[in-house]
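Participant: My structure is below; once you've seen it, I'll send some questions.
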Amino acid sequence: MYMKKFSDRQQRLWFRLLFEWRGSVIPAILPKILFCGMFSIIIIVIDISGYNLSLPLESGIVPSLVLGLLLVFRTNTAYDRFWEGRKAWGTLINTVRNLARTIWVSIEEHKPEDRNEKTATLRLLVAFAIATKLHLRSEPVNEELVPFMPYGCYENLKNMNNPPLEVAFWIGDYLQRQNDKGSLNAYQLTSMFKLLDSLVDVLGICERILKTPIPLAYNIHLKQLILLYCCTLPFQLVDQFRWLTPLLVCLISFTVFGIEEIGIEIENPFGDDPNDLPLDQICQTMKRNIEDLITLAPCVRRWKDEHPEDYPSDP
Amino acid sequence: MYMKKFSDRQQRLWFRLLFEWRGSVIPAILPKILFCGMFSIIIIVIDISGYNLSLPLESGIVPSLVLGLLLVFRTNTAYDRFWEGRKAWGTLINTVRNLARTIWVSIEEHKPEDRNEKTATLRLLVAFAIATKLHLRSEPVNEELVPFMPYGCYENLKNMNNPPLEVAFWIGDYLQRQNDKGSLNAYQLTSMFKLLDSLVDVLGICERILKTPIPLAYNIHLKQLILLYCCTLPFQLVDQFRWLTPLLVCLISFTVFGIEEIGIEIENPFGDDPNDLPLDQICQTMKRNIEDLITLAPCVRRWKDEHPEDYPSDP
Amino acid sequence: MYMKKFSDRQQRLWFRLLFEWRGSVIPAILPKILFCGMFSIIIIVIDISGYNLSLPLESGIVPSLVLGLLLVFRTNTAYDRFWEGRKAWGTLINTVRNLARTIWVSIEEHKPEDRNEKTATLRLLVAFAIATKLHLRSEPVNEELVPFMPYGCYENLKNMNNPPLEVAFWIGDYLQRQNDKGSLNAYQLTSMFKLLDSLVDVLGICERILKTPIPLAYNIHLKQLILLYCCTLPFQLVDQFRWLTPLLVCLISFTVFGIEEIGIEIENPFGDDPNDLPLDQICQTMKRNIEDLITLAPCVRRWKDEHPEDYPSDP
Amino acid sequence: MYMKKFSDRQQRLWFRLLFEWRGSVIPAILPKILFCGMFSIIIIVIDISGYNLSLPLESGIVPSLVLGLLLVFRTNTAYDRFWEGRKAWGTLINTVRNLARTIWVSIEEHKPEDRNEKTATLRLLVAFAIATKLHLRSEPVNEELVPFMPYGCYENLKNMNNPPLEVAFWIGDYLQRQNDKGSLNAYQLTSMFKLLDSLVDVLGICERILKTPIPLAYNIHLKQLILLYCCTLPFQLVDQFRWLTPLLVCLISFTVFGIEEIGIEIENPFGDDPNDLPLDQICQTMKRNIEDLITLAPCVRRWKDEHPEDYPSDP
Amino acid sequence: MYMKKFSDRQQRLWFRLLFEWRGSVIPAILPKILFCGMFSIIIIVIDISGYNLSLPLESGIVPSLVLGLLLVFRTNTAYDRFWEGRKAWGTLINTVRNLARTIWVSIEEHKPEDRNEKTATLRLLVAFAIATKLHLRSEPVNEELVPFMPYGCYENLKNMNNPPLEVAFWIGDYLQRQNDKGSLNAYQLTSMFKLLDSLVDVLGICERILKTPIPLAYNIHLKQLILLYCCTLPFQLVDQFRWLTPLLVCLISFTVFGIEEIGIEIENPFGDDPNDLPLDQICQTMKRNIEDLITLAPCVRRWKDEHPEDYPSDP
C-alpha cells in the first residue's frame, strides 16, 4: 500500500517532467542536432554513391576522456556559479532580516518621527534588494522602487552608475546619524555597519558572477571538441547502421549538446528564464518579512510596557 | 580471534542492511523497473516473430560518460544539500548552546523575576528550533510549541507568515531590554545579537535548500537520458541473451534508477522519511541541553557564593 | 648517490606498508571475499556437470560507472568526515592554546588565590577536551578527568547528559566573575567568550559527524550493487578461466570490498582503531602546552617586572 | 517562434566562438601538434619501407585513466587559481566600497581641510588597487598612480619593495590620526582596521597564487605522459589507417595539448592576455564608484542638514 | 608573428621541463619500475620454456575504476594538504603584515624606549614565523633566530616543547602591557589579540597537516592494488608482445608509480625538497616587509608632524 501510493504521485511527476518543454534545452539545441543529422545524411549519400567514407575509428579513450572531462568541468563550473548566486541572495535575505530586526529593536525612539524614519529605513533595505536585482539585469531604475523610498531619492537614484551603492550609503548615513543623536551606541553601530557591509558584499559577489564568464579558452576548446566529435560520428557509424545513422547521430549529439547548453543557461542565473533564480519572488519574501516586522512591533511594546508580568508567569 | 570477533558483528550488520526495505529506494523505483522489463519482453516477442530488432549498437563511450556524469552530478548535488542542511542544524544546536550559556552566565539578576524571565528566554531558544522545523515542513504552528512560550505569544505566532522570525524578534527584544535596564553591557549585547543573527542565518539557509531545487534543465535532461538508455538496452541485448534480456534489463535499470531516486529522496532533507534528517531528535537534544543548563545554575551559584575556597584548593 | 640513498629508505617503508596487517582492511573483508570465492567454486562445479551457466555478459559501461561512482562517493564522503573531524580537533587545540594564553596574560591577579584559580581554569580547558573525547566515545566520565578539576566538580560531572557542556559553563562562569570583579574588561571578556563558543562549536561538529551517517539509501544501494557485481562475476569468467575463476573472483572482490570497508572504518574517526584519529595523543599535546604555559609565566613576570631594561636593549 | 528567435542569436554566437583565434590556445600548441604529425609521417614511411612498426597495443585502461586524471587535476587546479584570484579581486572591490562608505559617513569633519583629506584617503583606496595590480604584474610604480596620491608620496613609493603595503600603511596612519584627533571613535577605528586588513589579505592571496605554481613533480609527470601518449599513437594507428594516420594523430594530440595549454594560460590570471582577469577594468570600476561616492555626499548633506523633514515624510 | 614569438619561448620551457631530473619523481620510482621489468622478463623466460603463463585477462573495468579512483583520491588529498599548507603560510604573511602595521601605527610612544620595544616586537613576529618553520621541520631552535629576539629569550626558547607558542606568549604579553600602561586602548588590544590568535591557528593548521597522514587503510589498499596491477600486467601482455613486454610493463608501471610517488612527495610540504613549499623564501619576504615598515615610519612621522599641509594639498 505504502509503496503504491508513494509511487503513483512520484511516477506521474517523473513522467510529466520528461516531456516538459519550457525550461528544457531542446529548443536551443534543436538546430545543432538537425545540422548533425543533415551532415550524416550527406555522408551516407556519398558513401552509397561508391566513395567509401567509412572509418573504422574506435574513438580513442583519451580524447573521449578529454571531452568528457571538459563537459564535467563546464557543468560543475556553471552550477557552482548558479549556486553561489543563490547563496549570495540567501545571505541577502538573512542580512536584511537581521539588520531590520536590530534596527527595529535597538534604535531608541524619542518622538513619533523617529518611528517613521525607522520604518522608512526598513523599506530602504527592500529597496536595496530590488535595486540590486535591476542592476544585475542591466535594467534602469524603475517604478518598482517607488514605494520603498522618498520620491526625491528615487529621482536621484536614476542618475547613478550603481544604484544599490547609493541605497547602502543612505542606510549607512541614517545609522551614523542615530549614533550622533545618541539613539544608538557605538558598538551596535559598528555591528550594524558590518551587516551593511555584508549587503554590499552580496552585490559585489553577484557582479563578479555576472561579469566573469568561464575563461574564453575553455569555451572555445570545448566547442571545437564537441563539433569534432559530432562530425566524426557519421564516419564511424555509416558502415554498420546505414540509414539508422542519422537517428543515432541525432540521439548522441542530443546528449552532448544538451549538457553544454545547460551550462550556458545556468551560468548567469540572474535573468528571468525558467532556469534562473526566482529573484522577483525572493524580493517579495523580503518585503513580506519587513512588513510583518513592522506590524509586530506594537504587540511587543504592549507586551513589554503594559503587561510585564505576562511574560515570566508562564514556565 | 580479533579478526573473527570483529568480522562477525560487522558481517551481520552488513547483510541486514542489504535486505533493508524501509529507507531503500526499491519501492519507489519498482514500477519503472517493471516498465523496462515489460518493454523488453515486447521487444523479444516482436524480434522472435521475425521482425529483426536487434541493434549491434555498442553504446558509445561519450554518451555513457555524459549519463554517468549527470548521475554523479545529481548525486553530489543532492548530498551537498543534505549535508548543508545537516550543518545548518548543527550550527543551530551550537548557537543555541552558546547563546543559552551566555545568557545564563552574563545577564545580571536583581530580583527573582529576572531569573524567571531568563528561564523563559532560554526556552524560547528551543521554541525557535521547533518553529523552524515546523516552518520547513510547511506545518502550522502546533501544540508542540506550547511548553516553550507564554500562551499569549503562542496565539500571536499562529498568525505570522514566518513564525521563527517572530521568536527571534522576541529574543532580540528581551536582550535589548536587559541592556536598557543595565543588566547587560553593550559589548555583550552586541555579541549576543551576533549569535541571534546566526540563528536567523540557519533559518535562511534551510529555506534556501528547501526552495531552490536543482535547475530544471538538468533534471529534465537527466530523465530523458535515463529513459533513452533504458529503452535502447533491450535492442542491444536481445540478440545475445534472448529470454534473459528482461532480467538483465531489470538489473541494469535498477542500478540507474536507484541512483537517481536517491538523489530525489535526500535532496530535501527536512521531511520525516527514514532518509531525512532526524530533526525531532535534534530538537529533543536541544531541549535536554537547555534543561540541564537550568538545573546546573544553582550548583554553580552555591559553589561560587558559599564555598569560594572550594575551587582553587584543588590542583 | 642521491637517488640510491633516497630510494632505499623509502623503498623499505613502501614494502613494509604493503604487508601491514593491523590497520589494513583485510581482516574485515576476508569472510566476504571467501564467500565470493566459494560461490564461484559452486558455479564451476555446476557448469562442469554439464549445466551451462556461462554468460558472455560484457558488464555494461553504465552499471560499472554507477558502481564506480557510488564507491567514489562513499570514499570521498567518509574521508571528508574523517578530515572534518580532524579539523575540528585542530580547532580545539588552537582555541585551547589561544584561550589559555589570553587568560594567562590578560586577567589581572590581585592576590595569590587569583593565580591558583587561573591555573585551575587553564586545566579545565584540558578537561573540556578530555570530556569531549569521552563523550564522543560514549564512555562515562572517568578518572582521566580527575587531575584537571576540583573533586566536587568531578562528582557533579558524572550526572550530566553532556559533560563537556558543563565544563564550558564553568569556564564561562569563571570569566564572567573576573569581569564582575574588575579583573577583566568587558571587551576582552566578549572575545574570550567567542573562543569559548568555538570550543562548544567543535563539540557540536564532532557530534554531528558521529550521529549523521551517510544516508541509509546510499548505503543500501551500494551494498546491493557490490553484491550483484560480485555474484555475476563468476558467470562471466567461468568459460574462459575455468579453475582460475575463484582466484580472479577473490582478487576482484578484494579491490571492491576493500574500498567499501575503508569507507566504513574511517567514517566515524573518534574511536581508537589504528585508522581513527589519535585523540589520546592530541589531548596529551594540549596538556603539555598548558603545563608549558604555566611554567612560562614566572619567567616573563621576572623579565617584565625586575629587568624591564632587558627587553629593548637587544636589537 | 520563441525557439526560432532564441536559437538564431545564440547559434551565431556559438559558431563565432568556434573560430575565434585570439584567446584560443591554437597558436600556442600548433608547433607541438605539427611535431606529432611529422613524427607519424616518419613512422609511416619507415613502416612502408618494410620495417614493420605497427603495434597492436590497445592502450591499457589504467594508463589512460592516469593521464585523464592528471589532465582533470591540471584543469581544476588551474581554474581554481583563476577563480580564487577573481574572488580576491571581488573582495578588493567590496572592501574598497565598504571602507570608502564608512570613512565618508563616519569620520567627523571640523574644517574644510578635513573634507579634502577624506577625499584624498578615498583616492588612496583606488591607489591601493592599482599598486596591487602593478605589483602582481611585476611592473614598476608608474604614472597611472599619480592622480591618486600626493606627489611626494608617489616619489616615495618608487623606492619600496612592496608598494601596496606602503599605501595600506598611509591609510592606517590616517585613520589612527582621526582617532587621536577625536573624529573617529575607537570601535569604528577597529572595524575600519579590519577592512584594511582585508585589503592586505587580498594582496597576500594574489601573491600566493602568483608565486606558488602547481608542484613541479605534477607538471613534469604530466608532460612526460602526454609526450609518451602522443608518440605511441602512430604505432597504434599506422596499420589500420595508413596515410590518414597523421591527420588522426594531429586531431587527437590537439585535444590533449589543448587542455594542457589552457591550464598553463589561466594558471596565472594577473597578466593581460585575453584569458586573464580584466584587472584594468576592475580598477576603473573602483575609481568610478569612489568618484560617485564623492559626488553623492553633498546631496546627502543637504538632505540631512537642510531638509530633515524630507526623509520621514514619505511612507 | 605573434604566434611564432609566443610559441618559441614557451616551447623551449615546455621541453626543458620534460627532462628535468631534480624535482621529478623518477629517482624515487626507478627501483620499482626496474623490479616490474625484471619480473616480466622472468615471466617471458618461463613462458618461452613451454609453461604457458599467458592469461587473456581483460582487466575488468571495475577493478580499474577502483584503482583509478584510489589514485585520484591519493592525488587530490595530497595536493589539498600541500595547498592548505600554502594557504596557512599565506595567512601567516598576511597576519604578520597586518599585526605589524597595526602595532606600528596604533601603539603610542611616550619615550624613545617605546620605539625600541616596538621594533623588537615587530622582529618577534618574524621570529614566530621562523620558529614555526623550524618546529615543523623538527629542527631545534638555532642561530637563525638570534637576530630577532633578545639573547635571554633565545636561551629560554631552547628548552621549550613548542617554541612558537612561547614567542606568541611574549607578543601577547607585550600587547597587554601596552594596554596596562595606557598606550593602547582595550578595543585595539582585543583586535590585535585576534590577529595573534590567527598566528597560533596557522601553527596548529600546519601541525595538523604534518601529523595526520592519509588514513593508513587507504595507503595500504592502494599499494596492494598497484602491486597487484603491475604484477598481472606481464601475464596479459606476454602472448601478444613477447620481448616488447618488459618495455611496456616499465612504461605502464612508470605512469602508475609516478602518480603515487607524487602524492607521497607533496603530502608533507614543509620539508626542503624542490617539491616543498619555499618556507625559507617566505620567511625572507616577511623579514623584508618588516624592515621596510620600520624604515617607513620616520617618513610618515615627518609627513604627519612637520608638513601636515602636504597631504590634503593634492587632489
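Participant: Using the Karplus curve 6.51 cos²θ - 1.76 cosθ + 1.60 with θ = phi - 60°, work out ³J(HN,Hα) for each residue of the stretch C:43-49 in order, rounded to whole Hz, and write x for Gly and Pro.
Facilitator: Values, residue by residue: 4, 4, 4, 4, 4, 5, 5 Hz.
Participant: Related question: Give me the distance between the Cα centres of the stretch B:199-255 and the stretch C:91-127, rounded to whole Å.
Facilitator: Spelled out, the Cα-based centre of one part sits 57 Å from the other.
Participant: Still on this structure, I have one more. Which distances in nm, rounded to one decimal and ordered from shortest, link the label point of A:GLY271 to the equivalent label points in the other identical copies, with labels set 7 Å from Cα toward Cβ?
Facilitator: Between copies, matching label points for A:GLY271 lie 3.3, 3.3, 5.2, 5.3 nm apart.
Participant: For E:GLY271, enumerate residues with amide H under 5 Å from its amide H, sequence gap 5+ or separate chain, H modeled in the peptide plane.
Facilitator: HN-HN under 5 Å from E:GLY271: E:LEU277.
Participant: Out of D:LEU244, D:LEU195, D:LEU203, any idea which swings most in a Gaussian network model of chain D, alpha carbons joined below 10 Å?
Facilitator: Result: D:LEU244 has the largest fluctuation of those listed.
Participant: Say a paramagnetic label sat at a point 7 Å from the Cα of B:GLU108, along Cα to Cβ; which residues of the stretch B:179-206 have their backbone N under 12 Å from it?
Facilitator: Counting only backbone N, you get B:179-186.
Participant: Could you tell me what fraction of 2.2 N^0.38 Å the Cα radius of gyration of the stretch A:212-295 comes to, as a two-decimal ratio?
Facilitator: For the stretch A:212-295, the normalised Cα radius of gyration is 1.83.
Participant: Let me ask you something else. Students often forget the sequence filter, so: which aspartates and glutamates lie under 14 Å Cα-Cα from B:LYS32 once same-chain residues fewer than 8 apart are removed?
Facilitator: Partners found: A:ASP8, B:GLU260, B:GLU261.
Participant: Further question on the same structure: For the protein assembly as shown, just the Cα set please: Rg and Dmax, both in angstrom.
Facilitator: 34.6, 107
Participant: How would you rank A:282-293, C:125-136, highest first, on the average number of other Cβ atoms within 10 Å across their residues?
Facilitator: Top of the packing list down: C:125-136, A:282-293.
Participant: Still on this structure, please answer the following. A 23 angstrom limit on the alpha carbon distance is what I want to check against. Which of A:LYS118/E:LYS194; A:LYS194/E:LYS194; A:LYS181/B:LYS118; E:LYS87/E:LYS287; D:LYS158/E:LYS118 exceed it?
Facilitator: A:LYS118/E:LYS194; A:LYS181/B:LYS118; D:LYS158/E:LYS118
Participant: For C:PHE19 and C:CYS231 in the same chain, what is the full-extension length gain: residue separation times 0.36 nm, less their Cα-Cα distance, in nm?
Facilitator: 73.5 nm
Participant: Further question on the same structure: Which chain A residue sits with its beta carbon nearest the axis carrying A onto B, and how many Å away is it, rounded to a whole number?
Facilitator: A:TYR187, 5
Participant: With the cut-off at 1.5 for a/c, could you classify the stretch E:59-290 from its C-alpha gyration tensor as rounded, prolate or oblate?
Facilitator: Here the stretch E:59-290 falls in the prolate category.
Participant: Moving on. On average, how many beta carbons from a partner chain sit within 10 Å of the beta carbon of a residue in A:74-86?
Facilitator: That works out to 3 on average.
Participant: Under a cut-off of 20 Å between alpha-carbon atoms, report the aspartates and glutamates in cross-link reach of B:LYS111, not counting same-chain residues fewer than 8 places apart.
Facilitator: List returned: A:ASP305, A:GLU306, A:GLU309, A:ASP310, A:ASP314, B:ASP173, B:ASP180, B:ASP305, B:GLU306, C:ASP173, C:ASP180.
Participant: Right, something else. So which aspartates and glutamates pass the test for C:LYS133, namely a Cα distance under 15 Å, with those fewer than 8 places away in the same chain ruled out?
Facilitator: Cα-Cα hits under 15 Å: C:GLU143, C:GLU144, C:GLU166, C:ASP201, C:GLU207, C:ASP272, C:ASP273, C:ASP276, C:ASP280.
Participant: With θ taken as phi - 60° and the coefficients 6.51, -1.76 and 1.60, list the Karplus ³J(HN,Hα) couplings across the stretch A:159-176 in order, rounded to whole Hz; mark glycine and proline as x.
Facilitator: 9, 8, 5, 9, x, x, 4, 5, 4, 4, 4, 4, 5, x, 5, 4, 5, 4
Participant: Now, a different point. Taking a point 7 Å out from Cα toward Cβ as the label site, list the nm distances between D:GLY182 and the same residue in every other copy, smallest first.
Facilitator: Sorted ascending, the copy-to-copy spacings read 1.7, 1.7, 2.7, 2.7 nm.
Participant: Nearest 500 deg cm²/dmol is fine: what mean residue ellipticity at 222 nm does chain D get from its DSSP H runs of n ≥ 4 alone, each adding -39,500 (n - 2.57), divided by its residue count?
Facilitator: Only helices count here, giving -26500 deg cm²/dmol.
Participant: E:VAL146 label points, 7 Å along Cα→Cβ, one per copy: pairwise distances from this copy to the rest in nm, shortest first?
Facilitator: Output for E:VAL146: 5.0, 5.0, 8.0, 8.0 nm, nearest copy listed first.
Values quoted throughout were computed directly from the atomic coordinates according to the rules given, and no laboratory measurement underlies them. Since this is a predicted model, take the numbers as computed values, not measurements. When we count neighbours, we look across all protein chains shown, and the Cβ atoms used for this are built from the backbone with ideal geometry, even at glycine.
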